[in-house]
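The numbers here are math on the coordinates, done by the rules we state, and not lab data. Here the structure is a predicted model, which is why all the values come from computation and not from measurement. Don't worry about glycine lacking a Cβ; one is built from the backbone with ideal geometry, like all the others, and counts go over all protein chains shown.
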Amino acid sequence: MTADNSPDIRLRLGTRRSPLAMVQAEEARSRLCAAHGLSEEAVELVPVIASGDRIQDRPLAEIGGKALWTRELDIWLAEGKIDAAVHSMKDVETIRPASLAIAAILPRADKADRLLGAASLAEIPPGATIGTSAPRRAAQLLHHRPGCKVVSLRGNVATRMAKLASGEVDATFLAAAGLSRLGEEGVGTALDIEEWLPAPAQGAIGLECRADDRETRALLAAIDHAPSHAELTAERALLRGLGGTCHSPIAAVSLPQADGGWLMKASLFSPDGSLRVDGECLYGVDEMTAVDTLAADLLERAPATIAVHFGHHHDSADE
């Protein structure tokens, strides 16, 4: 595992180059160093330009979905160029190669979305142009505000905020966790997490390594946050059960309960937001069969205009 050129390096963490990805990789590094008493130099950050960062002029769903965020890092893991990869877990495909293991989930940050450009959903002007490339956000917006127009808006956080500031769109949505990690906590309006459901796995940072790399798995296990890992496992199980694609408008959130378990709330939408099917279930860290039942129930109750977007593929993406 030690890099040939520096005997001091214990671990090489691969990351996308975007400002947010780099901040997340730095958080992972600082947690690893604190857990193992390592100096910062012992954990090297190795940036890669992901396809999803290179291609910014088309919606993610049109150009290959979530694999665009993970492909290069997966290759580098397989080739041994890095020991682990740091991911925004909502950008990681539901079905992963058997050769890889999600070895750690960091303590999950704010799961909510924030609305930029209006003080509330109700105060978005009629007929306003809303920028988002996420099918979940587009469908959920049109469900609440059917008169609005949705246009594709890609790019990193700063790019999207600049497009809003220039008047290219009237409003947009960004993940609260990403804004906070970039020092933009006060930007926009927090949306009630139970009224406006986030993307499954939103706000979670994960570290993935080769499944057979016991040394790295042991190092990463020290910073795994069990409750966050349980939430991620459940929300990814819901996606797998639904068989969504990156075109599928799916929203879900896990709400911690007093007994140590969780209440999962989930909604499926038609792309135009006119139809919606909701469901919920209780699950525990060692008992997640209710999540599979919820997925099956949602699909059973979904009208054809929703069901057509689910049940066939195993990748779900939402920026």
Need the list of lysines near Lys111 for cross-linking: C-alpha distance under 23 angstrom, and skip anything on the same chain fewer than eight residues off. Lys66, Lys90, Lys265
Within the chain, which whole H helices from DSSP have a Cα span along their axis of at least 15 Å and a mean Kyte-Doolittle hydropathy of -1.0 or more, if any? 19-36, 67-79, 226-242, 289-301
Using 0.36 nm per residue, how much length does the chain from Ser152 to Ser30 gain when fully extended, once their Cα-Cα distance is taken away? 40.4 nm
What number does segment 113-190 give for Rg over Rh if you use C-alpha atoms and the Kirkwood radius? 0.93
Taking a cut-off of 17 Å, what percent of all Cα-Cα pairs in segment 257-310 are separated by more than that? 41
So how far, in whole Å, is the C-alpha centre of segment 135-195 from the one of segment 216-239? 27
Based on the Cα gyration tensor of segment 157-227, what are the three equivalent ellipsoid semi-axes, each the root of five times an eigenvalue, rounded to whole Å and given largest first? 34, 15, 11
Top mean-square fluctuation among Glu231, Glu300, Glu27, Gaussian network model of the chain, C-alpha springs under 10 Å? Glu300
Run the helix sum for the chain: -39,500 (n - 2.57) per DSSP H stretch of 4+ residues, divided by residue count, reported at 222 nm to the nearest 500 deg cm²/dmol. -9500 deg cm²/dmol
How long are the three semi-axes of the equivalent ellipsoid for the chain, computed from the Cα gyration tensor as the root of 5 times each eigenvalue, in whole Å, largest first? 32, 23, 18
Would you kindly calculate the translational diffusion coefficient of segment 178-319, applying Stokes-Einstein with the Kirkwood radius from alpha carbon pairs, for 4 °C and a viscosity of 1.567 mPa s, and quote it in µm² s⁻¹ without decimals? 79
Kindly list the residues of segment 253-271 that lie in the label zone of Ile95, defined by a backbone N under 16 Å from the point 7 Å along the Cα-to-C-beta vector. none
Pairs of Cα atoms under 8 Å, at least six residues apart: use those to get the relative contact order of segment 112-208, whole percent. 44
